[in-house]
Amino acid sequence: MKKTISNILNVFMPILLAFLIGAIIMIAIGENPIEVYGILIEKSLLDQKGLLKTIHTASPLILTALAIAISFKANIFNMGVEGQMLLGGFFAGVIGFTFEGLNPVIHITLSIIVGVTVGILFALIPAILKAKFKVNELVVTLMLNYAALEFVRFLAEGPFRDHSSGYVSTPMISESSMFKRLFESEITLFTIIVLIVFVIMYFVFKKTKLGYEIEAIGKNRDFSEATGMNVGKKIIIIFIISGALSGLAGAGHMMSDQMRFTMSFSGNPGLGWDGMLISLLGMHSPLGIIVAAVFYSALITGSESIAVFTSVPREIILIIQSLIILFLSIKMISKNAKAVAILEKITNKILRKDNKGVKK
Amino acid sequence: MKRFLLLTVLSVFAISLAACSKTDDAKSIAIVTSAAGQNDNGYNESAVDGAKKIKDEFGVDYHVVDTTDVPGALEQLAESGYELIFSLEYNFDALVNGVGGAKSIAEKYPDTTFVVFNDNPNLNEDGTVKHENVISVVFDVHESSYLAGALSVSVLENASTLFDASTYSFADLDVDGRSIGFIGGVQSNGITVFSYGFVEGINRAAADLNVNYDYYTDYSAGFGDPVSGSTISNTMYQNGVNVVYSVAGVVGDGVASKANELDRLAIQVDANKDADQPGSILTSVLKNTEVPVYQITKAFIDEKIGDLDNALSYDLDSGATGMTDLAEIEKMVTASGMTKWNEIKTYIETLATEIADGTVTVTDAQSGETLDTTTLTNVTVK
Amino acid sequence: MNIIETKNITKKFGIFTANDSITLNVKQGDILAIAGENGAGKTTLMNMLYGLSKPTSGTLHVKGQEVSFNSPLDAINLGLGMVHQHFKLVPSLSIYENVLLGIEIKKEFKIKNKSFSLPFIDKKKEIKKVQEVADKYKLELDVTDLIKDISVGSQQRVEILKMLYRNVDVLILDEPTAVLTPQEVDDFILNLKELKAQGKTIIMITHKLREVMELSDCVAVLKRGALVATLKTKETSEKELSRLMVGRDVLLTVSKNHKKVDTEVVYKVTNLETKNELGKKVLSDISFEIKKGEILGVAGVEGNGQSELAKVLCGLMTTSNGNVIYKGENITNMWPINLRKKGISFVPEDRYVDGLCLDMTIADNIIAGNHWNETYFKHKLYQKKIINKERDNLKEKYDIRISDIDGNVSSLSGGNAQKIIIAREFSRNPDALIISQPTRGVDVGSIEFIHSEILKMQEENKAILLISSELSEVMTLSDRIIVMYKGAIIGEVDAANSTKEELGLLMAGIKEEA
Amino acid sequence: MDLIANILYDTIYHSTPVILLVIGGVYAYKANVLNIAMEGMLLFGAFSSALMILSTGSLFYGLLFALIVNIFIGLIFSYFGITRKGNVIIVGIAINLLTSALAAFILKVKGMAIINLSEQVDIASLKVNIPLIKDIPFFGDVLSGHPITTYLTFVLIFVLSVVMFRTKFGTYVRVVGENEEAAKSIGIKVNLIKYSAVIVGSLTAALAGYNLAIERLALYTNTMSAGRGFIAIAAIYCGRGKPKLSSIYAIIFGLAKALAINFKLFAGPISGLFEAIPYLVMVIVLLMASYLDNKNSWKRGYPNE
């Protein structure tokens, strides 16, 4: 009980504290934080259209967060989710605009396969470097993100440029490779695909041999090697899954949201980095990730509303996001803190009441 | 701890109350800026200046939105009742065509007029207008770039007459100094339109003076990093380039500061930035969004917006594009050089007239034209 | 005169009481032994004496003054020095740098009799001063050697030198003989007696009763955090002490019947060789064979290649030469998973690194190494029921005491944690076992149990390789013993007909001329 | 100036900020704290010095302010990563995001997109022309005409190397990184040493930011750090934390960047790809360093880094 309470507090305290600091900053520049947070919440969660948009925005983020989670869980730092996602999205887009008039099912499937494959291939570079040559994957993936960004920039400016566009952009993907909008909202079939992938990943994490091995490798690499879990091979598998999820995220973002590649395809700080925060918020567990993803994308859609309806710079949300990560990095409340004990008493009381109710 | 929880609960309540009570403003306009943001000291900022002017004159309020989600912002603004929205970002798909089977935003909000810039996406294949409530604005920047090109050559060829010898340290014209550079953010029609006009202007002046010029280009500087502007222009200047024209947002600030450092010349773009590095910026090629914002909003206030064309083109005469008044560079001209300087100014004016009356046609990449390099008799493109 | 007194010292970690109201007096010039099982609270007590932690309640008196330490520095300043069981040395630094850590001598320059210190370290002066002290106490060290190049025995002398240089009067030694050869232990005892003669007071934590009897003047026995007895060494016996420590009579040695072993060779190693990162051979020309139903013991001072041998045999390190043959099949350099599939079990030397995953549940630790087995992962899916059942079976069979059956391994004591490994590896019904340091840091009761389990495996005709730095363990359990020295086998003896002295000489690298 | 001299001059120019990050960053590395917040510290060093110079016009105040602000960031990093034992990678990422968000936010509140210091700073006058050397053909072009921080940087390589290996502080840093328990047992204040090691890095990062924004361009923009902090981490890894060796890797990056920029002009349509080269060079360098490290290893398995 104590552990659960302190775990919950350790997620909520950082969020509250970050919002509090955000409020202080807003007051300092003479704005009304209550109004700003009001718009944030109302437009992203309370309004039906906004809520569906939030869920739509959350879709690729769930995938990048899972991509981060599977690697971080194994104590492998694949910081290259951003790059893998960019390349996956880009090449899914290339398939999207190269073909025209295909059967939508075939076209969409083909684009997704290409996006996923590219994500995997790009993830294999750090994977092989790590598995075969023990090169630090953290630094390599950080470097490769920049290389990937420059590479797609080159492709978007050169070979795959939309000649009619005034800025760096590839042509718009064909109608047949777009995910159709559902319920007059921004939601598309992609969200449903994400949910299916999520269920599969939940299963992988919780119920399979791979999930077991990932947990062991993450918690004690020497132990895993000694008990015959061939860590090198597993590193490659983890990177492949991570890359596939990232590639799928990029492909889905392309085909359900962006429809063409521009230099702001990934947003700021980028779907991969957002995914990292979500994974952290959700403590690398699948269920946690899905809650965190909705919360986080509410922040994103809400921040756009802030830009539209108030004069507070949208960057306030970036500040709040980074503060949340910072505060999340530590345990704010220990299991033995007073607050935990008090809350435990309260919950116990409530639970006991419920129990009585059931018995009667 | 309890206090925290209480605070949250309370704020959520307060928030919901506050948020529900937003009233619609009567007649107010919105400007959705491009990625560079409203403080870019150029393209976006002059649009905001136009709106400010309107506010001062007619009291019509304006709202500026910096966003990464342009379609989302357009929709939210239209939804909340704005009737005139300027969208400065190059992002038209959702507005004009609709994506993923959804209705286009223009169609969804027929009572709102959307103004887009730099392109005309609002045309069907057969040339008819798609949405009556979308106005596209293009600037004839190829023409102003043409003038800038001609000015560059004229100034370089007469540098020894115009300026004090110690003011600039130009590369020797007879060695490799007859070189001019162009730095673009990306390789796209929106950028090459400047470059083509510029190089044609160089060619014109070079031909008139019977000299030959080298033309260096780089279209990969991006729009965000002045450092890359500084380094790329440095390589150009080190290779003998005496004037660098940059069309790449704040990248140009890096170029201008490099020009200042090396005592050469730079040409800026969008707004009048001549005074940023006095004496080092030859001129700025204006893309003055203030003019269309002001004019269109005025039409909107007068309820004559329906009379406007769906495609507005702003040429040299409109004042929305052109060169600056050259006041900053003129300060560098010595007394003895003034005669020559006035000669050059007259020459440029002649060229402007020739463009206006159609004697000279400048390649317009914006409308899909490509540069025919064989016409560049006196320029070698490197 | 009492140089140190503790009055009702209590230390609590959360709800756990590590030291319960301990009152202890140490006379100046005495050698006091503190005996007790692992987890009895010996180290906690010493850490408080040395300023590494603070008592929850109670007071500490040094030389009659009540004191309160905020850091080891305070303890050192009052003349208390400690040598930890795991040496606190920096391998890449030299001896003198380690000794002077924290009290470096800076370069000085003089102007008109006034001296100014520079921020740089005066290496020459440092070497000279440290060497002087080392020579004074006859510690036989060249202080410019790097720690990573010297033997474990020398490293311990460096730790002692560190304290002597700081002029301490009281030396606290935590399990000082664990890493020494029998000969080194004898030298060490002489060293301590010399220090005592020079007026130093010594407090020694140990669970080795032989040394308690041989060395100390008095002995304090701790059990579950409480002081159960303080005795004069002369007036007690090993047997009494062990009963006080464990709370019941303990078989100090298991009896083994040296039956005739089979002639069938199960496990064979020929000319095995491997190198470290610097390209230096750490194993050279290792050859041996193990027959069915035989325990081959590997003795030697730690750091003579035993760890590397175990690593190579477990598949965690590759060979640069040589072969491993198991049941006639060449299994050299196979990955751990394949070795396990072939029916070889491993008990690694460092149980918390290679043997267990502290942050995983007991059940998950139980199936590790067997996780390729379809029973536990049918269609690659986790079979929770089967796995938990297996866990409960083994818990019963191997007498593993667990407070929270679904908890993590980190909640278990050393002995019970080791039993999990033993249970996991022994229950697989392997044909060969590679066992390293099976009872290191394990309480007396568990040692007894583990030893009998090993012998049981022998009864079942398994081929067993037993690597241990605990000489008595190797001697009581093995049939034959090979001794490793500097990465090679220096000699082989028959366990039944050898003596501690004979093995001790081999361990020290001295080979008797035949 | 001919091409080779130009490339070499640019190499020094592009290496300088990375070297600064490296020689400060090695301290945290050696103290066993992976400081990937270098990126954010670099950016904030640039930002705070530019902001201060904008309002006071004084270069000195700008640098001083950057140093103070960066000490503060170093303290935040240390508090979360060391005192509270948060995962330093996550703390680092948070600091990187926070610094760039704060800088962007402040600029927006002040109504600016970038900070342009052309009125306050004259870059040409900041360049130091070394008498005698500047007149030597070729070498003069390469070695002379850099801002003062550049020369300071090359001096600092040796100074900080001496501090690392010859002084008490340097020794403690290495001891803490190698065997924390040993350090504790003789009363070294481990956290104090770690804090100091991190702060050495934040100070050189402030200097690097000052060099990048003020001396080179008289400009600040939100994207100007461009991954240099991560490059520095890569260089530190390759050089195993040795100041001089790591600096050499930083120079390799500078060379790759200089080559990429100088050849871009002649590369035509593929010039865009050149931007990726410096990053790929670092990956290859990492691979080689790692290969050499593990060439003789007979151990299987992957150390937790």
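Before moving on, here are some points about what is shown:
- Candidate set from the range A:139-164 (those that are within 11 Å of chain B (Cβ to nearest Cβ) and in contact (Cβ under 8 Å) with a residue 40 or more places away in the chain); member that is nearest to A:F77 (Cα to Cα): A:L149
- Residues satisfying the stated conditions in the range C:410-434, i.e. out of contact with any Asp or Glu (no Cβ under 8 Å at 6 or more places or on another chain) and either under 30 Å from C:K208 (Cβ atoms) or among the basic types (K, R) (or both): C:L412, C:N416, C:A417, C:Q418, C:I420, C:I421, C:A423, C:R424, C:E425, C:R428, C:I434
- Only one of B:V250, B:V269 that is among the hydrophobic types (A, V, I, L, M, F, W, C), within 9 Å of chain D (Cβ to nearest Cβ), more than 14 Å from B:Y168 (Cβ to Cβ) and in contact (Cβ under 8 Å) with a residue 40 or more places away in the chain: B:V250
- The conditions of being more than 14 Å from chain D (Cβ to nearest Cβ) and within 17 Å of A:M283 (Cβ to Cβ) are not met by A:F327.
- Entry remark, the range D:244-275: residues being closer than 24 Å to A:A156 by Cα, within 12 Å of chain A (Cβ to nearest Cβ) and among the aromatic types (F, W, Y) number 1 in total.
- Selection of strands (runs of 3 or more DSSP E) fully inside the range C:93-198 by the criterion of at least 3 residues being assigned by TED's automatic domain parsing to the domain that holds C:N77 and not charged (D, E, K, R) returns C:114-121, C:170-174.
- The residues of the range B:183-226 that are farther than 21 Å from B:T283 by Cα and either surrounded by 23 or more Cβ atoms within 10 Å (Cβ to Cβ) or within 14 Å of chain A (Cβ to nearest Cβ) (or both), listed by number, are B:V186, B:Q187, B:S188, B:N189, B:S220, B:G222, B:G224, B:D225.
- Among residues of the range A:21-43 being among the small types (G, A, S) and closer than 17 Å to A:L299 by Cβ, the one that is farthest from the other protein chains (Cβ to nearest Cβ) is A:G22.
- When A:F133, A:F97 are screened for being among the hydrophobic types (A, V, I, L, M, F, W, C), surrounded by fewer than 24 Cβ atoms within 10 Å (Cβ to Cβ) and touching a residue at least 24 places away in the same chain (Cβ under 8 Å), only A:F97 passes.
- Looking across the range D:178-192, the residues that are facing chain C (nearest Cβ under 7 Å) and either aliphatic (A, V, I, L, M) or not in a helix (DSSP H, G or I) (or both) come down to D:N179, D:A182, D:I186, D:G187, D:I188.
- Residues that are within 28 Å of A:L280 (Cα to Cα), part of a helix (DSSP H, G or I) and of a type outside the set (D, E, K, R), drawn from the range A:73-91: A:V81, A:G83, A:Q84, A:M85, A:L86, A:L87, A:G88, A:G89, A:F90
- Set C:P119, C:P55, C:P72: member being on the phi < 0 side of the Ramachandran plot and surrounded by fewer than 20 Cβ atoms within 10 Å (Cβ to Cβ): C:P119
- Extreme residue, farthest from the chain's Cα centre (by Cα), among residues of the range B:110-153 that are closer than 23 Å to B:K304 by Cα and of a type in the set (A, V, I, L, M): B:V129
- Exactly one residue among B:K273, B:K258, B:K304 is closer than 20 Å to B:Y62 by Cβ and either outside the structural domain of B:N44 (by TED's automatic domain parsing) or of a type in the set (D, E, K, R) (or both), and that residue is B:K304.
- Residue count, the range D:37-64 (criterion: surrounded by fewer than 24 Cβ atoms within 10 Å (Cβ to Cβ) and farther than 14 Å from D:A103 by Cβ): 9
- The number of residues in the range B:54-89 that are polar (S, T, N, Q), under 19 Å from A:T54 (Cα atoms) and under 21 Å from the mean Cα position of the chain (by Cα) comes to 2.
- Within the set A:S224, A:S177, the sole residue that is over 20 Å from the mean Cα position of the chain (by Cα) and within 14 Å of chain B (Cβ to nearest Cβ) turns out to be A:S177.
- Every residue from the range C:140-149 that is surrounded by fewer than 18 Cβ atoms within 10 Å (Cβ to Cβ) and at pLDDT below 85: C:E140, C:K148, C:D149
- Which numbered condition C:L209 fails, given (1) crowded, with 22+ Cβ neighbours inside 10 Å; (2) within 20 Å of the chain's Cα centre (by Cα); (3) of a type in the set (A, V, I, L, M): (1)
- Residue list for the range A:262-276, filter: buried (at least 23 other Cβ atoms within 10 Å of the Cβ) and under 12 Å from the mean Cα position of the chain (by Cα): A:S266, A:L271, A:G272, A:W273, A:D274, A:G275, A:M276
- Yes/no for A:M259 being of a type in the set (A, V, I, L, M, F, W, C) and under 19 Å from the mean Cα position of the chain (by Cα): no
- Checked against the criterion of being crowded, with 24+ Cβ neighbours inside 10 Å, polar (S, T, N, Q), under 11 Å from the mean Cα position of the chain (by Cα) and under 21 Å from A:R153 (Cα atoms), the candidates A:S246, A:S279 yield just one match: A:S246.
- Residues of the range B:288-315 that turn out to be of a type in the set (A, V, I, L, M, F, W, C), touching a strand residue (DSSP E or B) at 6+ places or on another chain (Cβ under 7 Å), outside any strand (DSSP E or B) and surrounded by fewer than 20 Cβ atoms within 10 Å (Cβ to Cβ), as a count: 2
- Just one residue in the set D:L75, D:L132, D:L102 is over 22 Å from B:G254 (Cα atoms), surrounded by fewer than 17 Cβ atoms within 10 Å (Cβ to Cβ) and within 21 Å of the chain's Cα centre (by Cα); that residue is D:L75.
- Restricting C:N333, C:N304, C:N338 to those that are under 13 Å from C:V269 (Cβ atoms) and assigned by TED's automatic domain parsing to the domain that holds C:R440 reduces the list to C:N333.
- Across the range D:216-243, the qualifying residues are those that are surrounded by fewer than 24 Cβ atoms within 10 Å (Cβ to Cβ) and within 14 Å of the chain's Cα centre (by Cα), and the one among them that is farthest from the other protein chains (Cβ to nearest Cβ) is D:G241.
The values are calculated or read from the model by the stated rules, or taken from the named source; none is laboratory data. All of these numbers come straight from a predicted model, not from anything done at the bench. Cβ: placed from backbone, ideal geometry, glycine included. Neighbour counts: every protein chain shown.
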